[in-house]
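Single-structure report; data block below.
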There are 4 protein chains.
Amino acid sequence: MAENETAKIPKEYADDRVNDTKTRDVVVKMMKERGVELSDIAAITYGLQGKYIPGLSEKTCLEHVERVVMKREVQNAILTGLELDKLAESGAMSEPLRGMLLEDYGLYGVDEVLALAIVNVYGSIGFTNFGYVDKTKPGIIKKLDEIGKNTDQCHTFLDDIVGAIAAAAASSIAHRYAG
Amino acid sequence: MAENETAKIPKEYADDRVNDTKTRDVVVKMMKERGVELSDIAAITYGLQGKYIPGLSEKTCLEHVERVVMKREVQNAILTGLELDKLAESGAMSEPLRGMLLEDYGLYGVDEVLALAIVNVYGSIGFTNFGYVDKTKPGIIKKLDEIGKNTDQCHTFLDDIVGAIAAAAASSIAHRYAG
Amino acid sequence: MAENETAKIPKEYADDRVNDTKTRDVVVKMMKERGVELSDIAAITYGLQGKYIPGLSEKTCLEHVERVVMKREVQNAILTGLELDKLAESGAMSEPLRGMLLEDYGLYGVDEVLALAIVNVYGSIGFTNFGYVDKTKPGIIKKLDEIGKNTDQCHTFLDDIVGAIAAAAASSIAHRYAG
Amino acid sequence: MAENETAKIPKEYADDRVNDTKTRDVVVKMMKERGVELSDIAAITYGLQGKYIPGLSEKTCLEHVERVVMKREVQNAILTGLELDKLAESGAMSEPLRGMLLEDYGLYGVDEVLALAIVNVYGSIGFTNFGYVDKTKPGIIKKLDEIGKNTDQCHTFLDDIVGAIAAAAASSIAHRYAG
């Protein structure tokens with residue numbers, strides 16, 4: 001394809017084919033109601049990338065977190081995971097699934113599967129960062145984990161989703177700066 | 001599958017580390033209540049592998065479908081997907097997720113993500129068969145798809161799960177015979 | 001994050017963080033030398049999406065194929081897969097891998113694994129289309145398959161890569177038009 | 001692992017459909033030639049699981065590492081990854097791929113993609129452990145990383161493969177003991 005033909009791709013969808021601003025507002029509100037601000041996620045991303053990229057700010061990290069939650073693939077994973085956490089709490093969910101989610105059963109891996117779908121949005125280089133934060137539980141992830149263990153709230157999906165968004169934002173930053 | 005046929009699967013598989021016979025009974029019953037017998041899935045597997053393996057029977061296909069639904073990873077995906085279908089029907093699920101599932105929204109891909117987790121259990125050679133049956137909708141998949149479109153029932157996850165189990169069983173057979 | 005802050009993301013990298021035009025030229029040339037034009041891939045994408053989207057042209061399909069091969073994740077998979085095909089032909093590769101690739105061994109799934117990494121770039125909705133074309137072998141895929149079977153050329157990776165790019169472009173189109 | 005220890009793995013696993021004892025010997029030898037013993041990998045697995053499972057020994061970890069390298073999916077990933085490392089060293093590989101592998105380029109993710117295929121063999125619960133060891137580089141992984149950076153040897157794939165096998169063995173143990 002000739003260079004000039006590439007240029008013909010209409011500007012209005014150059015950015016937005018896979019993005020959805022309306023659902024973005026829904027998922028951001030949903031995460032807030034569950035105790036997570038995008039700035040909490042940006043802090044984790046900063047923790048992952050700050051030492052590698054001189055001059056990186058938490059504000060820039062937040063911009064990349066914003067991009068991640070604009071993606072439809074990510075939004076669908078968030079909508080589904082948070083719904084499962086909430087339905088487990090409410091009692092609308094049947095057993096044995098409900099019990100698995102309420103205790104964050106170690107051999108249940110669907111939360112990791114959804115998280116990988118989020119991470120994949122910026123490619124395979126994010127797998128490592130996801131695994132690392134899922135294990136070391138920095139910042140809000142630790143807090144969610146403790147609330148999940150000590151209260152009636154269920155954060156089986158939410159903590160993995162937060163880690164996955166943070167890792168995807170770190171990949172987005174890496175593609176921008178290290179490219 | 002009749003009880004006495006199940007018993008033919010060698011004991012050592014039943015006791016395998018990643019298998020779970022108790023949850024197997026739960027998920028088999030769950031699928032039956034949603035309109036799917038393991039023999040329906042075995043018929044799809046036979047359709048995929050019959051032409052390549054001389055002398056393959058639907059009974060052997062059924063034995064491999066049985067093995068697939070013994071795996072914990074598969075069981076967790078079934079428990080989660082069918083619960084989501086049912087909660088979408090019942091009205092316990094919130095919007096916009098509920099609407100996406102009830103209409104089987106084309107840009108919602110979490111059903112495919114869960115399906116891949118099932119297929120992966122017997123390795124990457126199953127991706128192709130999963131995609132093929134998901135698109136051509138043989139047997140019970142077609143029936144589930146039509147019921148999903150024309151009634152209040154939601155089969156957004158179930159049809160992908162059925163295709164994924166059929167594809168995983170086909171991989172299991174391929175490893176056994178072509179190895 | 002406030003709406004006005006989102007707008008602050010610099011224009012120059014709004015499109016290009018994960019894209020790489022220089023390597024694009026390398027991989028396009030590499031595929032051409034192996035017998036594949038981007039227009040061959042666009043024809044497969046058109047076959048997948050033409051019936052669903054009124055007025056879709058092969059030219060538009062080609063534009064979306066162009067976008068797919070701009071992504072670093074895709075380029076890395078192409079560079080790696082085609083190199084493996086070529087090294088198998090040349091004899092520089094050791095056994096037993098070389099034999100597996102030359103005969104396109106049915107239980108070797110690394111080609112599908114690389115293909116999935118390509119498809120993932122536009123999300124999980126592309127899995128189905130990848131599986132379908134990998135099985136039905138439309139257009140250039142059939143031709144590559146036959147050359148692979150009847151000559152000294154090895155196309156074990158190339159045919160999966162072509163199918164994966166076509167499926168990813170179909171997803172890109174779906175996100176644009178069905179959104 | 002000594003021959004007589006290998007023999008302790010029950011026969012029924014050795015004959016499993018997805019296992020391959022002959023190729024196992026090939027990949028074990030290949031990893032040894034590249035500087036990795038299965039016991040090095042077992043030590044990482046022990047580091048991951050020792051604190052959670054009272055009485056777990058490195059010998060048991062080694063048995064689970066043995067099981068992982070019996071799987072065809074894993075063997076194919078090892079054969080392919082180590083071949084790529086070796087061909088990058090030898091100069092038989094063309095640019096720009098060769099340069100990417102020799103410098104372990106940060107935006108090249110095919111090594112992670114192959115690693116995930118290995119981890120998947122025991123399900124999604126292993127993603128976290130893989131990411132963690134890939135980032136913290138315990139034991140042999142650190143050593144491989146340093147050799148890769150300071151000599152002509154290329155370990156771009158090997159270090160991820162080692163981490164993935166260790167994580168898969170940890171999953172195998174978790175399924176066995178925590179089930």
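The values are calculated or read from the model by the stated rules, or taken from the named source; none is laboratory data. Just so it is clear, the model here is predicted, and its values are computed rather than measured. Cβ placement follows ideal geometry from the backbone for every residue including glycine, while neighbour counts extend to all protein chains displayed. SASA here: full protein model, heavy atoms, side chains in, ligands and nucleic acids out. Shrake-Rupley method; radii C 1.70, N 1.55, O 1.52, S 1.80 Å.
Worth pointing out:
- Test: D:Thr128 is assigned to a helix (DSSP H, G or I) and either more than 14 Å from chain A (Cβ to nearest Cβ) or open to solvent by 20 Å² or more (accessible area, probe 1.4 Å) (or both): no
- Looking across the stretch C:113-125 at every residue that is more than 16 Å from C:Thr156 (Cβ to Cβ) and more than 7 Å from every other protein chain (Cβ to nearest Cβ), the one that is surrounded by the fewest Cβ atoms within 10 Å (Cβ to Cβ) is identified as C:Val121.
- The set of residues in the stretch D:138-159 that are farther than 19 Å from D:Val27 by Cβ, open to solvent by less than 80 Å² (accessible area, probe 1.4 Å) and not in a helix (DSSP H, G or I) comprises D:Pro138, D:Gly139, D:Thr151.
Per-residue answers, yes or no, for (1) β-branched (Val, Ile, Thr); (2) touching a residue at least 40 places away in the same chain (Cβ under 8 Å):
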{"site": "D:Ile41", "(1), (2)": "yes, yes"}
{"site": "D:Lys51", "(1), (2)": "no, no"}
{"site": "D:Glu63", "(1), (2)": "no, yes"}
{"site": "D:Glu73", "(1), (2)": "no, yes"}
{"site": "D:Ile78", "(1), (2)": "yes, yes"}
{"site": "D:Glu83", "(1), (2)": "no, no"}
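- Subset tally (residues that are out of contact with any Asp or Glu (no Cβ under 7 Å at 6 or more places or on another chain) and open to solvent by 30 Å² or more (accessible area, probe 1.4 Å)) for the stretch B:80-102: 8
- Filter result for B:Ala117 (closer than 29 Å to D:Ala117 by Cα and in a helix (DSSP H, G or I)): yes
- Just one of the listed residues (A:Ala77, A:Ala42) is in a helix (DSSP H, G or I), more than 26 Å from C:Ser172 (Cβ to Cβ) and open to solvent by less than 10 Å² (accessible area, probe 1.4 Å), and it is A:Ala42.
- Within the set B:Val110, B:Val36, B:Val74, B:Val68, the sole residue that is closer than 27 Å to A:Tyr108 by Cβ and within 14 Å of chain C (Cβ to nearest Cβ) turns out to be B:Val110.
- Test for C:Lys135: is it more than 7 Å from every other protein chain (Cβ to nearest Cβ), assigned to a helix (DSSP H, G or I) and open to solvent by 10 Å² or more (accessible area, probe 1.4 Å): no
- Single condition D:Glu58 does not satisfy, out of (1) over 19 Å from D:Pro138 (Cβ atoms); (2) among the charged types (D, E, K, R); (3) surrounded by fewer than 24 Cβ atoms within 10 Å (Cβ to Cβ); (4) touching a residue at least 12 places away in the same chain (Cβ under 8 Å): (1)
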